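For reference, the structure discussed in these notes is given below.
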Amino acid sequence: MEREELIKRIIDEKGKEAVDDLIKLLDDEDSQVREIASEALFKLQEYSREKLLEEFKSRVLEAKKNDITLLYVIDILADIGEKSIKKDLYNVLSLYSFEEAELIIYEAIAKLGYGDEIYDILKYFLLGDAERKKFGAQAAMALSYVDRPQVVKDLVSAINSGDFDGEDLEIIKKALSNIVMKNSMYYDILKKLVGEDVEKYMGE
């Protein structure tokens, strides 16, 4: 069964009754199961928000190191726009010892509308870090939630750098497309930077 079909079936057949089980599935060993549960919880946000908040608070108090399930909870709550978690997100950073997790948390902060606070860190991951080839695409997606004209220039610099190719390059172009589509002023900035090559920079 296709993933979208499965999610639709969960929502249609069980609705809010599925929320508790879906939250438990965020702990599953299979990443595909976690992704399906995550998407269903987002779509059921009317019913899942409070229970996800409870899960978030419980796991923050537990302070378990490198808790992958907590990252999923953070990501869903950020997508829902739950600003009340923001104050805890900076403290949560210290629980993780790998950069991918830090970037998920930074992206959540940006999604909630506080991207200005972490702009310099995200720019460093994209353009300054020695491991930018590894983390640049993830940083680019986080930057696409930062409402700053400079982000357009940063993403164009990353595309022009030659450091990225394949899927990573496409993700950076998608990030640029996302931010430009939100604000016509940013489209004008992009056009001034790249001339007639705008479509090439915004990906497929």
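The values are calculated or read from the model by the stated rules, or taken from the named source; none is laboratory data. What you see is a predicted model; the values in this text were computed from it and never measured. As a convention, Cβ positions derive from the backbone with ideal geometry for all residues, glycine included, and neighbour counts pool all protein chains shown. In case anyone asks, the SASA skips ligands and DNA or RNA and just uses the protein heavy atoms, side chains included. Shrake-Rupley method; radii C 1.70, N 1.55, O 1.52, S 1.80 Å.
What the table shows:
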{"item": "Cα long-axis angle, helix 184-194 against the chain (0 to 90 degrees, to the nearest 10)", "result": "50"}
{"item": "Region 87-93 - phi-based ³J(HN,Hα) in whole Hz, Karplus 6.51/-1.76/1.60, Gly and Pro as x", "result": "4, 8, 5, 5, 5, 5, 3"}
{"item": "Accessible surface of the chain [probe 1.4 Å, protein heavy atoms]: carbon and sulfur percent", "result": "47"}
{"item": "Spacing of the two label points (7 Å from each Cα toward its C-beta) at Arg9 and Glu100, in nm", "result": "2.8"}
{"item": "Linear extension gain, Glu46 paired with Glu196, 0.36 nm per residue minus alpha-carbon span", "result": "49.6 nm"}
{"item": "Projected label distance in nm at Tyr124 and Leu53, using a 7 Å step from Cα toward the beta-carbon", "result": "3.3"}
{"item": "Kirkwood hydrodynamic radius of region 42-87, Cα pairs, Å", "result": "10.7"}
{"item": "Sites Glu167 and Lys24 - FRET efficiency at Förster radius 22 Å, r taken between beta-carbons, to 0.05", "result": "0.10"}
{"item": "Between 0 and 90°, nearest 10: helix 45-62 axis offset from the chain longest Cα axis", "result": "90"}
{"item": "Inter-part distance where region 150-204 and region 1-68 are each reduced to a Cα centre, Å", "result": "33"}
{"item": "Tilt relative to the chain, helix 132-143 - C-alpha long axis, 0 to 90 degrees, to 10", "result": "80"}
{"item": "Helix-only mean residue ellipticity at 222 nm for the chain, each DSSP H run of n ≥ 4 adding -39500 (n - 2.57), per residue, nearest 500", "result": "-20500 deg cm²/dmol"}
{"item": "Residue with peak Gaussian network fluctuation, the chain [Cα springs, cutoff 10 Å], from Asp12, Asp188, Asp75", "result": "Asp12"}
{"item": "Accessible area (Å², per residue) of region 23-63, counting only protein heavy atoms and a probe of 1.4 Å", "result": "63"}
{"item": "Principal axis box of region 91-163, alpha-carbon based, largest edge first, Å", "result": "35, 25, 14"}
